[in-house]
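Trainee: Quick one: structure below, then a few questions.
The values are calculated or read from the model by the stated rules, or taken from the named source; none is laboratory data. All of these numbers come straight from a predicted model, not from anything done at the bench. A quick note on method: Cβ atoms are made from the backbone with ideal geometry, for glycine too, and the neighbour counts reach across all protein chains shown. Only protein heavy atoms, including side chains, enter the accessible area calculation; ligands, DNA and RNA are left aside. Shrake-Rupley method; radii C 1.70, N 1.55, O 1.52, S 1.80 Å.
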Amino acid sequence: MPDKIDPDSVGIVTPSSAHFDQPIQLTSGEVIDQFDLVYETYGSLNAERSNAVLVCHALSSNHHAAGYHSQEDRKPGWWENMVGPGKCVDTNRFFVVCCNNLGGCFGSTGPSSINPKTNKQYGPDFPLITVRDWVESQARLSDHLGINVWAAVVGGSLGGMQVMQWSIDYPERLRHAVVIAAAPKLTAQNIAFNEVARQAIRTDPDFHDGRYYDHNTEPARGLRIARMLGHITYLSDDIMGEKFGRDLRDGKIDFDYDVEFQVESYLRYQADSFVGGFDANTYLLMTKVLDYFDPADAHGGNLSAAMKSAIADFMVISFTSDWRFAPARSREIVKALHDNDLNVSYAEVTANQGHDAFLMKIDHYVEVFSAYMNRVAAEAGV
Amino acid sequence: MNNQVIRPDYSIIAEWIEPGSRVLDLGCGDGTLLDYLNFNKSVTGYGIEIDDDNITKCIRAGVNVIHSDLNEGLSEFDEDSFDYVVLSLTLQAMQRPDLLLQEMMRVGSEGIVTFPNFGNWKARLQLALGGHMPVTRSLPNTWYNTPNIHLCTIKDFEQLCKKLGFEILESRAVDHVHKSGLGLKLFPNLLGQVAMYRFRRV
């Protein structure tokens with residue numbers, strides 16, 4: 001942690017864990033008999049239990065949305081910019097919950113957890129998961145926490161997809177849905193990027209068909225490449241140009257395969273800091289969750305029909321330079337919502353940061369997000 | 001909020017709108033009209049806006065607002081989705097007013113349009129005798145720096161409605177404080193500063 005805690009940080013936080021021993025039937029047909037979800041909470045639940053906000057995380061993040069785990073922690077949670085006292089998701093008013101999703105590798109049951117049937121890590125035996133399964137498991141966590149209705153469920157990217165699924169599967173259990181930098185389904189191009197990432201991991205000689213734990217190793221090379229590829233899709237061409245351009249690390253071309261351009265240095269740094277902290281099987285799983293998400297599929301491709309059960313009020317936000325989930329994808333969501341006469345507002349934020357913009361403090365983004373959450377708070381009576 | 005004193009042209013629009021109807025407000029600004037209609041006429045619907053600050057203001061006011069560029073049409077809305085589509089003092093700033101009017105009649109049963117009347121005597125006088133592009137209370141911009149790229153008169157607008165096959169159901173010409181006296185009823189195109197129309201497809 002920095003020497004001094006920012007007054008607008010939730011400060012030191014401690015994760016909790018909940019155990020669920022009722023089997024969960026997955027979309028794939030498989031069943032997980034029991035599972036754990038690790039989660040964090042910030043702020044306090046009011047007596048009416050009307051001020052709870054669920055934050056859903058994206059591909060590679062976790063339950064640690066805000067604050068620090070210890071004095072030694074150098075980096076705060078992944079959504080520190082948005083979650084905290086006086087911030088968009090104001091912990092002075094809301095009781096904020098964020099869990100590591102099922103299949104994760106930060107304490108929730110996932111491929112690196114011990115399978116009680118074999119007493120070995122699940123590895124490739126861990127069933128494939130869908131966004132629906134996540135929402136089901138999060139609903140169990142809601143019951144565990146005594147939260148019948150969320151004041152809002154919010155999330156960016158894959159997190160936004162969970163918000164959509166919540167509004168479809170448990171319409172009565174959320175008043176507001178905030179869907180940021182999301183898409184109603186992946187395009188062929190999105191799936192293609194995921195497949196390259198998966199192939200990088202699965203063809204790594206250290207992958208051992210997903211049983212690398214037994215060999216005391218991990219497919220680090222594959223995971224590094226997957227992460228580098230991911231990072232390229234999270235940024236825009238503009239911001240890459242602005243950040244790195246064709247800048248050379250040593251100021252000159254060396255005519256070798258070491259890092260020459262700054263962008264190479266950046267990608268390698270991102271890869272290095274990812275490996276060792278993230279389980280490769282979880283990464284594979286998360287990319288599949290993304291690929292499978294398509295609520296309209298069960299309705300002949302008609303998203304408006306898919307959203308028919310939703311009753312929540314919606315705020316949808318996109319970013320102009322996001323080419324991974326471009327504004328047009330958010331507009332598809334907005335159309336499905338107003339086709340169903342739902343209350344929806346949509347803001348397209350001018351930003352050059354690409355998909356990653358949803359993590360950043362951008363004036364107009366902060367303005368619309370906090371304006372909307374103020375309404376959520378007012379309705380919740382806080 | 002909601003029921004405060006508002007622009008007189010808004011109260012005329014509100015008179016024209018049936019309670020409980022579905023309204024699409026094109027170029028809704030800070031959401032004042034929709035907020036007023038929500039509160040006083042229990043309407044539902046959406047505002048379309050392109051300005052970031054206005055979008056924030058709408059969200060703050062609890063008005064449904066959708067960021068969109070009207071020049072790109074209303075293709076995200078299905079046919080006959082709304083009882084009324086309102087275009088208030090925005091027509092003259094559109095690249096193709098005729099196409100937008102047609103879009104309005106595709107997605108809504110009735111259209112309500114207000115625009116600054118270029119046929120007003122002050123504008124005529126400034127052009128005819130002054131020999132320069134008019135600058136008036138309802139058209140305050142200079143010709144070289146104005147969002148108003150397609151100015152028209154009451155006569156022009158009525159001709160366009162005819163050409164597009166719209167039936168004018170109600171109209172009003174008002175002065176700069178949006179009042180409508182006898183003179184305005186007799187000589188709308190000469191005395192009216194702002195023209196207001198309610199129309200539908202024939």
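Trainee: If each of A:Arg268 and A:Ala192 carries a label point 7 Å out from its Cα toward its Cβ, how far apart are those two points in nm?
Mentor: So the two model labels end up 2.9 nm from each other.
Trainee: Given axes a ≥ b ≥ c from the Cα gyration tensor, I'd like to know whether the stretch A:267-382 is rounded (a/c under 1.5), prolate (a/b larger than b/c) or oblate. Could the numbers behind the result be given before it?
Mentor: Values: a/c = 1.87, a/b = 1.28, b/c = 1.47.
Cα axes put the stretch A:267-382 in the oblate bin.
Trainee: Another one. Tell me the carbon and sulfur percent of the accessible area for the stretch A:84-194, rounded to whole percent, probe radius 1.4 Å. Working shown, then result.
Mentor: Details: 1580 of 3290 Å².
Carbon and sulfur together cover 48 percent of it.
Trainee: Quick check for me: using +1 on Lys/Arg Cβ and -1 on Asp/Glu Cβ, what's the dipole size of the stretch A:223-309 about its Cα centre, in debye to the nearest 20?
Mentor: On the way: 9 positive and 15 negative charges, 69 e Å.
Roughly 340 debye for the stretch A:223-309.
Trainee: Can you give me the relative contact order of chain B as a percent, contacts being Cα pairs under 8 Å and 6 or more apart?
Mentor: On the way: 391 pairs, mean separation 36.7, N = 202.
It rounds to 18 percent for chain B.
Trainee: May I pose another question? Suppose R0 equals 60 Å; then what is the FRET efficiency for A:Trp323 and A:Asn148 from their Cβ-Cβ distance, rounded to the nearest 0.05?
Mentor: Values: r = 39 Å, r/R0 = 0.65.
Rounded to the nearest 0.05, the efficiency is 0.95.
Trainee: Checking the cross-link filter: which lysines have an alpha carbon closer than 28 Å to that of A:Lys252, excluding same-chain neighbours under 8 positions apart?
Mentor: A:Lys243
Trainee: Follow-up question, since we're still on this one. Pull out a ≥ b ≥ c, the square roots of the eigenvalues of the alpha-carbon gyration tensor of chain A, then state rounded if a/c is under 1.5, prolate if not and a/b is larger than b/c, and oblate in the remaining case.
Mentor: Values: a/c = 1.38, a/b = 1.19, b/c = 1.16.
Rounded shape, in that the Cα axes give a/c under 1.5.
Trainee: Can you give the accessible area per residue of the stretch B:1-114, in Å², using a 1.4 Å probe?
Mentor: Values: 4310 Å² over 114 residues.
Dividing the accessible area of the stretch B:1-114 by its residue count gives 38 Å².
Trainee: Where only protein heavy atoms count, and the probe is 1.4 Å, what is the accessible area per residue for the stretch A:250-382 in Å²? Walk me through the intermediate numbers first.
Mentor: Working: 5160 Å² over 133 residues.
Spelled out: the 1.4 Å probe surface of the stretch A:250-382, per residue, equals 39 Å².
Trainee: Starting from the 7 Å offset along Cα-to-Cβ, what nm value, one decimal, do you get for the label separation of A:Phe261 and A:Lys361?
Mentor: Simple spin-label model gives 3.2 nm for this pair.
Trainee: Moving on. Excluding ligands, DNA and RNA, what is the accessible area buried between chains A and B, summed over both sides, using a 1.4 Å probe, to the nearest 100 Å²? Before the final figure, lay out each step's value.
Mentor: Details: alone 16310 and 10440 Å², together 25070 Å².
Adding both sides of the contact gives about 1700 Å².
Trainee: Something else about it: Using the charge dipole of the stretch B:48-202 (Lys, Arg: +1 at Cβ; Asp, Glu: -1 at Cβ; taken about the Cα centre), state which of B:Phe187, B:Leu99, B:Phe199 has its Cα farthest towards the positive end.
Mentor: Comparing the listed Cα positions along the dipole, B:Phe187 ranks first.
Trainee: Hey, another quick one. I need to check one value: relative contact order of chain A, counting alpha carbon pairs closer than 8 Å and at least 6 residues apart, in percent.
Mentor: On the way: 792 pairs, mean separation 67.1, N = 382.
Once normalised by length, the contact order is 18 percent.
Trainee: Too long at a 22 Å Cα-Cα cut-off: which of A:Lys361/B:Lys57; B:Lys41/B:Lys162; A:Lys87/A:Lys185; A:Lys185/B:Lys57? Could the numbers behind the result be given before it?
Mentor: Working: A:Lys361/B:Lys57 19 Å; B:Lys41/B:Lys162 30 Å; A:Lys87/A:Lys185 30 Å; A:Lys185/B:Lys57 31 Å.
From A:Lys361/B:Lys57; B:Lys41/B:Lys162; A:Lys87/A:Lys185; A:Lys185/B:Lys57, over 22 Å: B:Lys41/B:Lys162; A:Lys87/A:Lys185; A:Lys185/B:Lys57.
Trainee: Kindly state, to the nearest 0.05, the FRET efficiency for A:Asn115 paired with A:Asp297, given R0 = 30 Å and r defined as their beta-carbon distance.
Mentor: Values: r = 30 Å, r/R0 = 1.01.
That pair, A:Asn115 with A:Asp297, gives E of 0.50.
Trainee: For the stretch A:1-71, which GluC sites (Glu not before Pro) pass both filters: DSSP loop (anything but H, G, I, E, B) and at most 14 other C-beta atoms within 10 Å? Don't jump to the answer; show the numbers that get you there.
Mentor: Values: sites: A:Glu30, A:Glu40, A:Glu48; in loops: A:Glu30, A:Glu48.
Of the GluC sites (Glu not before Pro), the ones in loops of the stretch A:1-71 whose Cβ has at most 14 other Cβ atoms within 10 Å are A:Glu30, A:Glu48.
Trainee: Restricting to DSSP H runs of at least four residues, report the calculated mean residue ellipticity at 222 nm for chain A, -39500 (n - 2.57) per run over all residues, nearest 500 deg cm²/dmol. Can you show the working numbers first?
Mentor: On the way: 10 runs with 125 residues, N = 382.
The helix-only estimate for chain A comes to -10500 deg cm²/dmol at 222 nm.
Trainee: Please sort A:220-233, A:111-124 by packing, taking for each peptide the average over its residues of neighbouring beta carbons within 10 angstrom, highest first. Spell out each step's value before the answer.
Mentor: Values: A:220-233: 20.6, A:111-124: 15.6.
With the highest mean Cβ count within 10 Å placed first, the list reads A:220-233, A:111-124.
Trainee: Still on this structure: As a check on your grasp of the helix formula, calculate [θ] at 222 nm for chain B: sum -39500 (n - 2.57) over DSSP H runs of n ≥ 4, divide by the residue count, round to the nearest 500.
Mentor: Values: 8 runs with 65 residues, N = 202.
Result for chain B: -8500 deg cm²/dmol, rounded to the nearest 500.
Trainee: Kyte-Doolittle mean at least 1.6 and Cα extent at least 27 Å along the axis: which DSSP H helices of chain B qualify? Display every interim value, and only then the final one.
Mentor: Numbers: long enough: none.
Helices meeting the criterion: none.
Trainee: Here's something else I'd like to know. Starting from the amide H of B:Cys152, placed 1.01 Å from N in the peptide plane, find each other amide H under 5 Å away whose residue is 5 or more places distant or on another chain.
Mentor: B:Phe118
Trainee: Please calculate how many Å² of accessible area the stretch A:13-62 carries per residue, with a 1.4 Å probe and no DNA, RNA or ligand atoms counted. If you can, show how the numbers build up before the last one.
Mentor: On the way: 2150 Å² over 50 residues.
Per-residue value: 43 Å².
Trainee: A:His215: net charge of surrounding residues, Cβ under 11 Å, Lys/Arg +1, Asp/Glu -1, itself excluded? Can you show the working numbers first?
Mentor: Numbers: positive: A:Arg211; negative: A:Asp206, A:Asp209, A:Asp214, A:Glu218.
So the surrounding residues net to -3.
Trainee: Separate question: For the stretch B:82-202, what is the charge dipole size about the Cα centre, in debye to the nearest 20, if Lys and Arg each add +1 at the Cβ and Asp and Glu each add -1 at the Cβ? Don't skip to the end; give the middle numbers.
Mentor: On the way: 14 positive and 9 negative charges, 44 e Å.
Dipole magnitude for the stretch B:82-202 comes out near 220 debye.
Trainee: Taking the stretch A:1-87, which trypsin sites (Lys or Arg not before Pro) meet the DSSP loop condition and have no more than 10 other C-beta atoms within 10 Å?
Mentor: When the trypsin sites (Lys or Arg not before Pro) of the stretch A:1-87 are filtered for loop state and at most 10 Cβ neighbours within 10 Å, A:Lys4, A:Arg74 remain.
Trainee: Taking 0.36 nm per residue of separation and subtracting the Cα-Cα distance, what length does fully extending A:Asp125 through A:Glu242 add? List each step's numbers first, then the result.
Mentor: Numbers: separation 117, 0.36 × 117 = 42.12 nm, distance 4.36 nm.
Extra length available between A:Asp125 and A:Glu242 comes to 37.8 nm.
Trainee: Using each residue's phi in the stretch B:180-195, evaluate 6.51 cos²θ - 1.76 cosθ + 1.60 at θ = phi - 60° and report the 3J(HN,Hα) Karplus result to the nearest Hz, with x for Gly and Pro.
Mentor: 10, x, 5, x, 5, 6, 7, 10, x, 6, 8, 9, x, 8, 10, 9
Trainee: Given H placed on each backbone N at 1.01 Å, which residues far from A:Val344 in sequence or on other chains put an amide H within less than 5 Å of it?
Mentor: It is A:Phe314, by chain and number.
Trainee: While we're on this one: List the residues of the stretch A:348-382 for which accessible area in the full set of protein chains is at least 40 Å² lower than for the chain on its own; 1.4 Å probe, protein heavy atoms only.
Mentor: A:Glu348, A:His364, A:Glu367, A:Ala371, A:Arg375
Trainee: Calculate the FRET efficiency for B:Arg22 and A:Asp33 from the Cβ-Cβ distance with a Förster distance of 51 Å, rounded to the nearest 0.05.
Mentor: On the way: r = 49 Å, r/R0 = 0.97.
E between B:Arg22 and A:Asp33, to the nearest 0.05, is 0.55.
Trainee: In nm, give the distance between the simple-model label positions of A:Lys4 and A:Gln25, each being 7 Å from the Cα along the Cα-to-Cβ direction.
Mentor: Between A:Lys4 and A:Gln25, the label points sit 5.7 nm apart.
Trainee: Another question, if that's okay. Looking only at other chains, what is the average number of their beta-carbon atoms within 10 angstrom of each beta-carbon in A:330-339? Display every interim value, and only then the final one.
Mentor: Working: counts 1, 5, 1, 0, 5, 5, 0, 3, 9, 4.
For peptide A:330-339, the averaged partner shielding equals 3.
Trainee: I would also like to ask the following. Once you order the gyration tensor axes a ≥ b ≥ c over the Cα atoms, which shape class does the stretch B:94-202 get: rounded for a/c under 1.5, otherwise prolate or oblate by comparing a/b with b/c? Can you show the working numbers first?
Mentor: Working: a/c = 2.19, a/b = 1.41, b/c = 1.55.
The shape class here is oblate.
Trainee: Place the peptides A:158-164, A:326-332 in order of packing, highest mean first, counting for every residue the other Cβ atoms within 10 Å and averaging per peptide. Intermediate results must be reported in sequence, preceding the final value.
Mentor: Working: A:158-164: 28.9, A:326-332: 18.7.
Descending packing order for the listed peptides: A:158-164, A:326-332.
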